[in-house]
Amino acid sequence: MAAAANPTTGVATARTWISSHQNLFMSTATSLSTQSKTISLSYSFSQKLNSVILKSRPAVAIKTTSSSAIETSAKETSSLPGLLVDLRGKRAFIAGIADDNGYGWAIAKSLAAAGAEIIVGTWVPAMNFFESGLERGEFDESRVLPDGSLMEISKVYPMDAVFDGPEDVPEDMKTSKRYAGYSKWTVKELVESVKQDFGSIDILVHSLANGPEVVKPLLETSRFGYLAAISASSYSFISLLQNFLPIMNPGGATVSLSYIAAERIIPGYGGGMSSAKAALESDTRVLAFEAGRKHNIRVNTISAGPLRSRAAKAIGSIDMMIDYSSTNAPIQKELSAEEVGNAAAFLASPLASAITGTVLYVDNGLNAMAVSIDSPALENLHRPKEK
């Protein structure tokens, strides 16, 4: 006859086993901490990512391999201390990344640092540049996250958000060398590809803007230039949300990027671009209502200060605007892309679950100023100074 089980003995044995494994875990964590001051206890089992880009069209897949299944499991199940942005288990699509020095890239990094899976949409003519840069490791330094791992991009899709479907694409563009070798890059085709590959997303980021006549004053802007700016910079967000909404998980969020020119005069930011940003902010409020009521999706935009990105260099006055902002804003410093990325991660997270239809200013407070402090006419004006 088998001996009867003793509950007391079983509990004691279990406690001994748990205690020994707790000691093993703590000693491992302590060892890792002494090896690198930059690695936090939350990420004691940091992933060592070796990304291999699989060049396949129409999309580019970037796969990573964890050093062990145990490390991945520990990272996914460990609790974060304090009130931190936690996006583990969420999937984000960022539209409009073509290099590593714009706001789109910074937002992707912040979302990844918070645990989100990253999918990217890149303008078709920029795909080769972005793809080859990833292959050569040109962006590896920029991919480093706070825990020391590299940002993982699950897939890069070619896209052109000016076209809703293939029927909208002109014949000459279909045969253009700039689009040769790529397919399924209109909005509807893009979303269908994402659906087939991933099923759903939780976060949609719109980091798209283009105005072919941006350097022209509004009085000199053509109808074509004006409507092109609206189409690429504001309606593109409506189109993306229309098509992504059916595959967005309830409770998800969208974030777009605006600029103070939407409500204040910024000479040199012409060609209908200020109008496009104003439309984007207005659409943010309307879409917050519609998407919120129908699908429980939040819609917000960030009015970001000027940044020395490749895209912004098309605006001849960008350096002047950055200097002006640094001089006149309440916080006198140059805005970093990371600060905008972190704000976007907050808006996309459960911490902002009651925030929707909002324009969040991330510009060192420049939007609050009514006068130019460095104007000679105000040289005798009292200014608060650091003690």
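None of the figures in this text is laboratory data; all of them are computed from the coordinates on show. Keep in mind that what you see is a predicted model, and the values were worked out from it rather than measured. Please note: Cβ atoms are built from the backbone with ideal geometry, for glycine as well, and neighbour counts cover all protein chains shown.
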Exercise. Please work out the FRET efficiency for the pair Ser317 and Glu138, using the Cβ-Cβ distance as r and a Förster radius of 41 Å; give the result to the nearest 0.05.
Key: 0.90
Exercise. With 27 Å as the limit, write out which pairs from Lys155/Lys277; Lys109/Lys277; Lys90/Lys188; Lys177/Lys277; Lys109/Lys385 have Cα-Cα distances beyond it, or answer none.
Key: Lys155/Lys277; Lys177/Lys277; Lys109/Lys385
Exercise. Would you kindly state how much longer the chain becomes between Glu290 and Lys333 on full extension, computed as 0.36 nm times their sequence separation minus their alpha carbon distance, in nm to one decimal?
Key: 11.7 nm
Quiz prompt | Principal axis dimensions, region 169-216 - Cα atoms, whole angstrom, descending | solution = 41, 27, 14
Quiz item: In what sequence, highest mean first, do 284-297, 98-111, 343-356 appear when ranked by Cβ atoms within 10 angstrom?
Solution: 98-111, 343-356, 284-297
Self-check item: Where labels lie 7 Å past Cα in the beta-carbon direction, separation of Glu192 and Ala368 in nm
Solution: 5.0
